[in-house]
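Asker: Submitted below is the structure of interest, expressed as structure tokens.
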Ligand code: ADP
Ligand code: MG
């Protein structure tokens with residue numbers, strides 16, 4: 001059963017809908033990332049689930065229990081949801097232990113029980129023994145861990161995160177990615193995690209919901225969103241890659257033969273008609289090879305493990321200008337060089 005369900009959820013602040021008729025299920029114990037550019041409605045979705053905002057239309061359910069519709073809302077404190085925001089909102093005058101214990105004290109949990117539970121969650125976030133530290137002594141990453149511990153101590157079945165790593169530097173972010181995965185494993189909570197960082201979304205979640213302008217464009221496993229984007233907007237937003245025009249000349253179950261610049265190869269498809277299509281080619285699925293599509297090197301950037309090479313396909317005369325491809329090449333090439341490119345994987349973008 002789904003632990004959270006939003007149905008036809010719309011939120012208007014003025015004329016524009018921050019969230020526009022979104023329906024989405026969150027399975028019990030799942031980890032869903034809401035991914036999309038700033039302003040697309042991610043925070044609004046979280047606030048509606050948490051109960052800080054009321055829907056203009058549609059409903060929010062936990063299991064089969066109605067949490068909110070336009071007429072009736074269960075207040076946030078009665079939903080039993082844990083929330084962690086980008087700003088840590090810790091109490092500076094309390095030490096770490098007091099901050100983390102706060103939700104338990106507010107619920108009159110027995111003193112004898114509090115110390116043990118605080119110790120256990122501090123352990124879980126890697127702050128074992130930090131109880132009597134002052135908040136101002138802590139780094140940004142440690143403060144975020146305290147905020148996380150304070151959320152975890154309440155043992156909520158549903159935890160909502162709103163860009164919790166946005167204020168941290170890159171190195172810390174990757175270590176926190178491990179902490180979040182570990183927390184999901186250990187608590188089994190249903191997690192909804194908002195981010196505009198695609199790498200974070202792909203690494204953390206078992207499902208990624210790509211949002212744009214108040215809509216969910218695709219909600220699927222990270223591998224599916226990356227390898228089989230539902231449309232050009234998702235393809236452009238997730239990962240690097242080139243979208244080129246090709247021509248389907250033959251079609252079988254799940255694959256099509258595409259002609260691209262006079263070269264034919266097999267492309268995965270959800271089922272597209274013969275004729276003009278847009279094909280997504282990921283840089284790591286392309287390589288310079290003795291045979292394949294003829295191309296000219298435009299430029300090459302050394303990235304360490306690979307050279308990131310930009311190429312222009314050489315089309316036969318009269319077939320339009322050369323389309324550009326981005327490829328991760330293990331082979332060094334120089335601008336102006338003529339090469340051939342072959343693709344080990346490609347995807348026809350539906351409806352493009
Ligand atoms: P995200 O979290 O994806 O950046 P938000 O959900 O915060 O996006 O915002 C979506 C849209 O709704 C934005 O255009 C934002 O300006 C608008 N919005 C959000 N909250 C309010 C509010 N309280 N009042 C008016 N407009 C709002
Ligand atoms: Mg936001």
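Nothing in this text is a laboratory measurement; each read-out follows from the coordinates by a stated rule. Please read these numbers as outputs of a predicted model, since none were measured by experiment. All Cβ positions, glycine included, derive from the backbone under ideal geometry; neighbour counts span all protein chains shown.
Asker: Can you give the % of DSSP beta bridges in the chain that are antiparallel, to the nearest 5?
Answerer: Close to 75 percent.
Asker: While we're on this one: Can you give me the relative contact order of the stretch 188-298 as a percent, contacts being Cα pairs under 8 Å and 6 or more apart?
Answerer: Rounded, it is 17 percent for the stretch 188-298.
Asker: Also: P(r) for the stretch 1-76: what percent of alpha-carbon pairs falls in each 5 Å bin, starting at zero?
Answerer: 4, 17, 28, 27, 17, 6, 1, 0
Asker: Further question on the same structure: To make sure I understand, if each residue's beta carbon is the centre and we count other beta carbons within 10 Å, what order do 334, 257, 195 fall in, fewest to most?
Answerer: Least to most surrounded, the residues fall as 334, 257, 195.
Asker: Starting from the Cα-Cα distance between residue 16 and residue 337, subtract it from 0.36 nm times their residue separation and give me the gain in nm to one decimal.
Answerer: Answer, rounded to one decimal: 110.5 nm.
Asker: Where does the Debye-calculated log10 I(q)/I(0) of the stretch 235-300 sit at q = 0.27, 0.28 Å⁻¹, using only Cα point scatterers of equal weight, no solvent?
Answerer: -1.34, -1.37
Asker: Along each of the three principal axes of the Cα atoms of the stretch 119-168, give the extent in whole Å, ordering the values from largest to smallest.
Answerer: Cα extents, longest axis first: 30, 26, 14 Å.
Asker: Let me ask something else. Provide Rg over Rh for the stretch 268-319; use the alpha carbon set for both Rg and the Kirkwood Rh (inverse mean inverse pair distance).
Answerer: Looking at the stretch 268-319, the ratio lands at 1.03.
Asker: Please order 127, 48, 122 by the number of other Cβ within 10 Å, starting at the fewest.
Answerer: So the ranking, lowest neighbour count to highest, is 127, 122, 48.
Asker: What would the Debye formula give as log10 I(q)/I(0) at q = 0.20, 0.23 Å⁻¹ for the alpha-carbon point model of the stretch 280-352, no solvent?
Answerer: Taken in order of the listed q values, log10 I(q)/I(0) reads -0.82, -1.04.
Asker: Residue separation times 0.36 nm, minus the C-alpha to C-alpha distance between residue 177 and residue 105: what's the value?
Answerer: 23.0 nm
Asker: First measure r as the distance between the Cβ atoms of residue 72 and residue 169, then evaluate 1/(1 + (r/R0)^6) with R0 = 35 Å and state the FRET efficiency to the nearest 0.05.
Answerer: 0.20
Asker: Taking only C-alpha pairs under 8 Å that are 6+ residues apart, what is the relative contact order of the stretch 133-234 in percent?
Answerer: Here the relative contact order equals 20 percent.
Asker: Can you sort 227, 107, 12 so the residue with the fewest Cβ neighbours within 10 Å comes first?
Answerer: 107, 12, 227
Asker: Dimensions of the stretch 165-211 along principal axes (Cα, Å, largest first)?
Answerer: Principal axes ranked by extent give 28, 26, 14 Å for the Cα atoms.
Asker: Measure nothing but the geometry: give the 0 to 90° angle between the long axis through the Cα atoms of 170-187 and the longest principal axis through the Cα atoms of the chain, rounded to 10°.
Answerer: 60 degrees
Asker: Which whole-number percentage describes the relative contact order of the chain, with Cα contacts under 8 Å and a sequence gap of 6 or more?
Answerer: Taking the mean separation of contacting Cα pairs over the length of the chain, I get 15 percent.
Asker: Moving to a separate point now. Under 10 °C and 1.306 mPa s, how fast does the stretch 20-132 diffuse according to Stokes-Einstein, given a Kirkwood radius computed over C-alpha pairs? Answer in µm²/s, whole number.
Answerer: D = 95 µm²/s.
Asker: Hey, what D do you get for the stretch 139-242 in µm²/s if you plug the Kirkwood alpha-carbon radius into Stokes-Einstein at 25 °C and 0.890 mPa s?
Answerer: The calculation lands on 166 µm²/s.
Asker: Could you calculate, for the chain, the ratio of the Cα radius of gyration to the Kirkwood radius, expressed as Rg to Rh?
Answerer: 1.07
Asker: Report the convex hull volume per residue for the stretch 81-172, counting only C-alpha atoms, in Å³.
Answerer: 95 Å³
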